[in-house]
Amino acid sequence: EHGFVARDDDGSYRLDAEVLRLGTIYTQSFRMEAHVVPVLEELVARTGETAAFYVRRGEQRLCLFRVDSPHLLRMHVRVGDALPLDNSAIAQVLRAFTPRPLPAYVAMLDLPIVTMGATDPHTGAMAVPVFGPGERLAGALALSAPVIRWTPEAQATARPILIEAAGTLTRRIGGEKPDLPPRATE
């Protein structure tokens, strides 16, 4: 029923396509780990906040990699957690940069996208896209912190660090930032 096992005409069973799909996802993420985790570790070292890399899986955002803040007060999302594509900064990046061609409104986005309390009233996040080969969205690179630490000053300090990290990661995975659609003129 879920595509893990199939029954052959002779009555025997074999593994079905869903197993291959999951194996492919695992293989892709395993190769990515060597590139993503060092970037996350550097983000945490430079900002003191939790860094994570999310990918879109249908109408969910999947936490593929994460390095926790050294602070005891932090959001507790784990690698492998699938969360809804809500109004969080991460979900907004994943929705905006997935379609091809890119929608016109992406040219108007002020990156990184920052949200406060979108998922939890006590946490904030900022996120930027990371691109892979063929200018396709590879995922969203994000920083998250409790709102008490996510002051305007902390955000202003973290913004260029996160943007730089996304550029670095895009290059490391062989990606290229796509040309954005022209801005609409008023």
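I need the full set of residues from the stretch 36-54 which are of a type in the set (G, A, S) and assigned to a helix (DSSP H, G or I), in order please. Explain how you work it out, then say what you get.
Keep residues of the stretch 36-54 that are of a type in the set (G, A, S), which gives 45, 48, 51-52.
Scanning the stretch 36-54 gives a single hit, A45.
Considering only residues of the stretch 50-73 that are in contact (Cβ under 8 Å) with a residue 12 or more places away in the chain, of a type in the set (A, V, I, L, M) and out of contact with any helix residue (DSSP H, G or I) (no Cβ under 8 Å at 6 or more places or on another chain), which is least open to solvent (accessible area, probe 1.4 Å)? Steps first, answer last, please.
Step one: list which residues in the stretch 50-73 are in contact (Cβ under 8 Å) with a residue 12 or more places away in the chain, which gives 50-57, 59-71, 73.
With the extra rule that they be of a type in the set (A, V, I, L, M), the set shrinks to 51-52, 55, 62, 64, 67, 73.
Still in the list and also out of contact with any helix residue (DSSP H, G or I) (no Cβ under 8 Å at 6 or more places or on another chain): 62, 73.
On the way: L62: 31, L73: 104 Å².
Checking each candidate, the answer is L62.
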Among the residues of the stretch 81-108, count how many are open to solvent by 50 Å² or more (accessible area, probe 1.4 Å) and assigned to a loop (DSSP other than H, G, I, E, B). 6
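Yes or no, residue by residue, for (1) in contact with a Leu (Cβ under 7 Å, 6 or more places away or on another chain); (2) acidic (D, E); (3) crowded, with 21+ Cβ neighbours inside 10 Å; (4) modelled with pLDDT of 95 or more:
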position	(1), (2), (3), (4)
G134	no, no, no, no
L143	yes, no, yes, yes
I148	no, no, no, no
E153	no, yes, no, yes
R172	no, no, no, no
P181	yes, no, no, no
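The values are calculated or read from the model by the stated rules, or taken from the named source; none is laboratory data. Model, not experiment: these values are computed from the prediction. Here Cβ is always computed from backbone atoms with ideal geometry, including for glycine, and neighbour counts include all displayed protein chains. Each accessible area value is taken on the protein alone, full model and side chains, heavy atoms only, with ligands, DNA and RNA left out. Shrake-Rupley method; radii C 1.70, N 1.55, O 1.52, S 1.80 Å.
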